[in-house]
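Step one of this worksheet: look at the structure below.
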Amino acid sequence: MPRNASTRSRDGSRRRHASVLLLTCAAIAACVFAFASCSKKSSSDSGSESKPLVVGFSQIGAESSWRTAETKSIRDEAKKRGVDLRLYDAQQKQENQIKAINSFIAQRVDAIILAPVVETGWEPVLTQAKAAGIPVILVDRGVKVSDDSLYTTLIASDFVAEGRMAAQWLAKALNGAGNIVELQGTPGSAPASDRKKGFEEGIAPHAGLKITRSQTGEFTRAKGKEVMEAFLKAAPGQVNAVYAHNDDMALGAIQAIEEAGLKPGTDILIVSIDGVRAAFEAMVAGKLNCTVECNPLLGPAAFDAVEMVLAGETLPKNIVVQDRVFDQSTAAEVIDSREY
Amino acid sequence: MREIGRHLLWPLAALAILLAFNALRDPAFFHLRLVEGRLTGAMIDILNQGAPVLLLALGMTLVIGTGGIDLSVGAVMAVAGAVAADLLHSGASTATALAAAVGAGLAAGLWNGSLIALVGLSPIVATLILMVAGRGIAQLVSNGEIIDIAPDAAILAIGRGTVLGLPFPVLIALGAAAALAGVARLTSLGLFIECVGGNEQASRYAGLAVRSIRLAAYALMGVLAAIAGLIDAADIAAADANNCGLYLELDSILAVVIGGAALTGGRFSIAGSLLGAIIIQTISTSILRADFGGRSVPVELNLIIKATFVLALCLVQSSEWRRWRPLRRSAAA
C-alpha cells in the first residue's frame, strides 16, 4: 500500500509540475501580449503631434451601481477630452491601490486620480508620488495624512450636509413632530457616521421629532427590509417616518411596509440619500417621498482639477460637490435625465 | 442517539434563554396576527428571515459531516439569484428561470465536489476558489447592478407566498430539514457520510464509494444554496449580486458548530444545525427589536453581542468544560 501511495503522490506531483509549467507559459504569453500592445500604443503615441495627457485612476471596485456610475463618468470624460486613462480596479483592497499607484509612478503618468478605500495608510505611497512630481486628486472619500500637501484636492460630497438636508425636508413634511426610525449604513463607514450626524443636527431644532429606533441595514436592500420588518412589529402603529442612509435600504423598507399592510409614502414617510434611478421610480410610484442626491458623476470636476493643477494653478483643498434634494413633486420631470 | 440528544441540550437551553429574555422585555414578541391571510409576528419573522441560513446549514451539515467545508455557498446564492433575475428580464418563463438557477447551483456544487473528491484539493482551497470567482460570475451576469424582478412575477411567491398563513420560505426550509433528517437517519446515508468524515481510508476499505458520497454532499449543498439564493432574491424582488449571501457561509458554518457537529467531520446532527440557525437569527432579530428606553442597541455592539453569546454557547459545549464540571461537583461534595 505505501508503494501505491507513493506512486500516486509522484503522479500527483508530476501533474502539478505540468500545471505549474502550463500556468507559467500562460503568464509569459500574457506578459508578451501586454508588452506588445503597450509598445504599440506608445509608438502610436509618439507618432501623434501633441502627446495626450496620461492619467492613472485607482478605483475601489464595482460594488454598487453608484460606483459603476462614477467609473463610467470618469472614463467617459477622459475619452471626451482625449486623455489616456489607465484604470485599475482594486477590488476593495488597499494593497491593490498602493500597487496601482506605484505602477502609475513607474509609468510616469501626468496625474493620478484616487478613490481611497480606507482613510489611513496612504502616507508612504503619496510621499513617493509627490517626490516624483505627480499630483494626486482624491475623489469621493478623504485620507488622513499628516501633511496635506501630499494630495492636490479632494472632490467629494459633504455627507453631513446630505443628512442635514434629509432632516430639513422631513421636518417640514412632518410639521416638526413625529417618530422617525433610522436605517444606518455599514457601521464605521464615513457615509454612515456623517449622514447620521448631519440628520441629528438637522432635527435638533425640532423638539417634536424623535429618532425612536436606529439600527444598521448595512446599505443593502435585504437588510433594510429585515430591519424595517423588526421595527414595524416591535412598535406597531408608532412609526411616522423612515430615514435611510441610502436608497437601497429605503427600497427594502418600502417592501416591509407594504407587507405589513401599510402604504409607504402615505402612512409612513420615507426619505433617503443617493438619488439612484430606482429611487426616482419609487418616487414616481408614490412610495418614496424624498431622496437627497449624492452625485457620483465626478468625471468633469476631476479632469478640470487635473488640467488646472498641471497648468500651475492652485486649487482649494476641498471641492464640495453640490447635491440637490428631489421629492415627488419633481421626480417625474427629472427621472429621464438621471444618468445613474 | 442518546449522544445526539445530549448535544441538543445546550442549544435548546440557549434558545430558551433568548426567548425568555425577549418575553420579559418585549411582551409583543410572541404575538401572532393574521394580516391579509399571512401570519406575522417576531417568531414567524425569525423563521422567515432565517430560512436562507437554515437551508445553507442543512447542506453544510452534510459537507462538514464528510470532513469538508464549503465557503462558496454565499457566492452560489448570488449566482442563482442573478441567473434567475437575468433570465426573467430577458423574457424567460418562471420554470426556465427556476430550473436554470437550481442548475447553476448544482453545477457549482459538482465543480466543488469534483475538485475535492476527484482532483484531491483541500475543501477550503477548492471552495475558496468559487467563493471569490462565484461572486464575480454573479456580478458579470448582473453587470454589477441590482436586477429588479417585476412585482407581479410568479417567482416572487418563493419569497412572499404563504400556505395556511405560513410564509413559503419557512415551509421550504423546514420541509428540506425534515426530508434530509429522514433520508439521513432512516437510510444508511447519514452513517456513510459520518464514516467518510470519520475515517476516509477505513470507509474505502469497507467498500464505501467515498468519492461519490463526497461529490453528492457538495452537489446537494449547491442546490440548497441556489434555493436560498432564490428565496433571498424573491424576498426583495431583486437580485443583488454584490450583497446576496454575503458572509452567510460563515453564519451557516456557525449554525452547524452551535448544533454540536464536529468541524473535523464524522458526526453531525440535522436537528442541531436547525437549532443553530434559529439561534443565530433569534439573536439578530432580538437585537433589532431591542428597545432600551427609546434607544436601540448601538450598531457598534451588534456583532459583539452576537459573538459573546456564541462564544459562551461554544464554551459550555466544549469537552474541556464538560471535563471541568464533574471536578467542580466532586470538589464541592
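The values are calculated or read from the model by the stated rules, or taken from the named source; none is laboratory data. This structure is a prediction, so every number in the text was calculated from the model and none was measured. Positions of Cβ are generated from backbone atoms using ideal geometry, with glycine treated the same way; all protein chains shown enter the neighbour counts. Side chains included, ligands, DNA and RNA excluded: accessible areas come from the protein's heavy atoms. Shrake-Rupley method; radii C 1.70, N 1.55, O 1.52, S 1.80 Å.
I need a count of the residues in region A:257-270 that are in contact with a strand residue (DSSP E or B) (Cβ under 9 Å, 6 or more places away or on another chain) and either away from every other protein chain (no Cβ under 11 Å) or surrounded by 24 or more Cβ atoms within 10 Å (Cβ to Cβ) (or both).
Our first condition is that a residue be in contact with a strand residue (DSSP E or B) (Cβ under 9 Å, 6 or more places away or on another chain); within region A:257-270, this holds for A:257-262, A:264, A:268-270.
Filter once more, keeping what is either away from every other protein chain (no Cβ under 11 Å) or surrounded by 24 or more Cβ atoms within 10 Å (Cβ to Cβ) (or both): A:257, A:264, A:268-270.
The total comes to 5.
Looking at region B:85-98, can you tell me whether even one residue there is in contact with a strand residue (DSSP E or B) (Cβ under 7 Å, 6 or more places away or on another chain) and of a type in the set (A, V, I, L, M)? Step through it out loud before you land on a result.
Going residue by residue through region B:85-98, those that are in contact with a strand residue (DSSP E or B) (Cβ under 7 Å, 6 or more places away or on another chain) are B:85-86, B:89.
The next check asks that each one be of a type in the set (A, V, I, L, M); those that pass are B:85.
There is at least one residue in region B:85-98 that is in contact with a strand residue (DSSP E or B) (Cβ under 7 Å, 6 or more places away or on another chain) and of a type in the set (A, V, I, L, M).
Restricting attention to region A:175-192, which residues are part of a loop (DSSP other than H, G, I, E, B) and under 19 Å from the mean Cα position of the chain (by Cα)? Reasoning before the result, please.
Applying the first criterion (part of a loop (DSSP other than H, G, I, E, B)) to region A:175-192 yields A:175-176, A:185-189.
The answer is A:G185, A:T186, A:P187, A:G188, A:S189.
Pick from region A:198-223 the residues that are in a helix (DSSP H, G or I) and farther than 27 Å from A:G142 by Cβ: which of them is farthest from the chain's Cα centre (by Cα)? Give the steps one after another, and end with the answer.
Initial filter on region A:198-223 (in a helix (DSSP H, G or I)): A:198-203, A:221-223.
Subset that is farther than 27 Å from A:G142 by Cβ: A:221-222.
Working: A:R221: 16, A:A222: 19 Å.
Among those residues, the one meeting the criterion is A:A222.
Out of (1) surrounded by fewer than 24 Cβ atoms within 10 Å (Cβ to Cβ); (2) part of a helix (DSSP H, G or I); (3) not small (G, A, S), the odd one out for A:R195 is which?
(1)
I'd like to check something: does region A:309-320 contain any residue that is under 23 Å from A:F231 (Cα atoms) and in contact (Cβ under 8 Å) with a residue 40 or more places away in the chain? Spell out how you get there, then give the answer.
So the first thing to find is which residues in region A:309-320 are under 23 Å from A:F231 (Cα atoms), and the list is none.
No, region A:309-320 contains no residue that is under 23 Å from A:F231 (Cα atoms) and in contact (Cβ under 8 Å) with a residue 40 or more places away in the chain.
Quick one: in region A:232-256, of everything that is at the interface with another protein chain (Cβ under 7 Å from one of its Cβ atoms) and over 27 Å from the mean Cα position of the chain (by Cα), which residue is farthest from B:I149 (Cα to Cα)?
Step by step, filter region A:232-256, then rank; the result is A:A234.
So that you can scan it fast, the table gives a plain yes or no per residue for (1) open to solvent by 10 Å² or more (accessible area, probe 1.4 Å); (2) out of contact with any Ser or Thr (no Cβ under 8 Å at 6 or more places or on another chain); (3) in contact (Cβ under 8 Å) with a residue 60 or more places away in the chain; (4) within 14 Å of chain A (Cβ to nearest Cβ):
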residue	(1), (2), (3), (4)
B:A13	yes, yes, no, no
B:P27	yes, yes, no, yes
B:S72	no, no, yes, no
B:A78	no, yes, yes, yes
B:A84	no, yes, yes, no
B:S90	yes, yes, no, no
B:T96	yes, yes, no, no
B:A101	no, yes, yes, no
B:G109	no, yes, yes, no
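Restricting attention to region A:205-228, does a residue exist that is away from chain B (no Cβ under 13 Å), open to solvent by less than 10 Å² (accessible area, probe 1.4 Å) and within 30 Å of A:Q92 (Cα to Cα)?
Checking region A:205-228: not a single residue is away from chain B (no Cβ under 13 Å), open to solvent by less than 10 Å² (accessible area, probe 1.4 Å) and within 30 Å of A:Q92 (Cα to Cα).
Can you go through B:I283, B:I278, B:I227, B:I304 and tell me which one is within 13 Å of another protein chain (Cβ to nearest Cβ), of a type in the set (V, I, T), assigned to a helix (DSSP H, G or I) and open to solvent by 30 Å² or more (accessible area, probe 1.4 Å)? Explain how you work it out, then say what you get.
Working: B:I283 fails: open to solvent by 30 Å² or more (accessible area, probe 1.4 Å); B:I278 fails: within 13 Å of another protein chain (Cβ to nearest Cβ); B:I227 fails: within 13 Å of another protein chain (Cβ to nearest Cβ).
After ruling out the rest, the residue left standing is B:I304.
Residues to consider are B:L56, B:L98, B:L87; find the one that is under 21 Å from the mean Cα position of the chain (by Cα) and more than 20 Å from B:Q281 (Cβ to Cβ). First the steps, then the outcome.
Values: B:L56 fails: more than 20 Å from B:Q281 (Cβ to Cβ); B:L87 fails: under 21 Å from the mean Cα position of the chain (by Cα).
Residue meeting the stated conditions: B:L98.
Could you tell me whether any residue of region B:241-253 is within 14 Å of chain A (Cβ to nearest Cβ) and in a helix (DSSP H, G or I)? Spell out how you get there, then give the answer.
Taking region B:241-253 as the starting set, the residues that turn out to be within 14 Å of chain A (Cβ to nearest Cβ) are B:241-248, B:251.
From the residues that got through so far, the ones that are in a helix (DSSP H, G or I) too are B:248, B:251.
Within region B:241-253, one or more residues are within 14 Å of chain A (Cβ to nearest Cβ) and in a helix (DSSP H, G or I).
Looking at region A:326-337, can you tell me whether even one residue there is in contact with a strand residue (DSSP E or B) (Cβ under 6 Å, 6 or more places away or on another chain), open to solvent by less than 30 Å² (accessible area, probe 1.4 Å) and on the phi < 0 side of the Ramachandran plot? Outline the logic, then answer.
Residues of region A:326-337 that are in contact with a strand residue (DSSP E or B) (Cβ under 6 Å, 6 or more places away or on another chain), as a first pass: A:326-327.
Narrowing the set further to residues that are open to solvent by less than 30 Å² (accessible area, probe 1.4 Å) leaves A:326.
Keeping just the survivors that are on the phi < 0 side of the Ramachandran plot gives A:326.
Yes, that holds for at least one residue.
Rundown of residues vs (1) touching a Gly at 6+ places or on another chain (Cβ under 7 Å); (2) at pLDDT below 95; (3) open to solvent by less than 70 Å² (accessible area, probe 1.4 Å); (4) of a type in the set (S, T, Y), yes/no style:
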residue: A:S272; (1), (2), (3), (4): no, no, yes, yes
residue: A:L288; (1), (2), (3), (4): yes, no, yes, no
residue: A:L298; (1), (2), (3), (4): no, yes, yes, no
residue: A:T314; (1), (2), (3), (4): no, yes, no, yes
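Of the residues that sit in region A:128-157 and are among the β-branched types (V, I, T) and closer than 15 Å to A:P116 by Cβ, which one is surrounded by the fewest Cβ atoms within 10 Å (Cβ to Cβ)? Steps first, please.
Narrowing region A:128-157 to residues among the β-branched types (V, I, T): A:134, A:136-137, A:139, A:143, A:145, A:152-153, A:155.
Narrowing further to those that are closer than 15 Å to A:P116 by Cβ: A:136-137, A:139, A:143, A:145, A:152-153, A:155.
Numbers: A:V136: 24, A:I137: 27, A:V139: 26, A:V143: 19, A:V145: 16, A:T152: 24, A:T153: 22, A:I155: 21.
Among them, the one singled out is A:V145.
Tell me the residue from B:G41, B:G50, B:G37 that is farther than 19 Å from B:K306 by Cα and more than 9 Å from chain A (Cβ to nearest Cβ), please.
On the way: B:G41 fails: more than 9 Å from chain A (Cβ to nearest Cβ); B:G50 fails: farther than 19 Å from B:K306 by Cα.
Criteria check complete, one pass: B:G37.
Please find, within region A:98-156, the residue that is nearest to A:V83 (Cα to Cα) out of those that are charged (D, E, K, R) and touching a residue at least 60 places away in the same chain (Cβ under 8 Å).
So in region A:98-156, the residues charged (D, E, K, R) come out as A:99, A:108, A:110, A:119, A:123, A:130, A:140-141, A:144, A:147-148.
Narrowing further to those that are touching a residue at least 60 places away in the same chain (Cβ under 8 Å): A:110, A:119, A:140, A:148.
Numbers: A:D110: 10, A:E119: 28, A:D140: 21, A:D148: 27 Å.
Taking the candidates together, the pick is A:D110.
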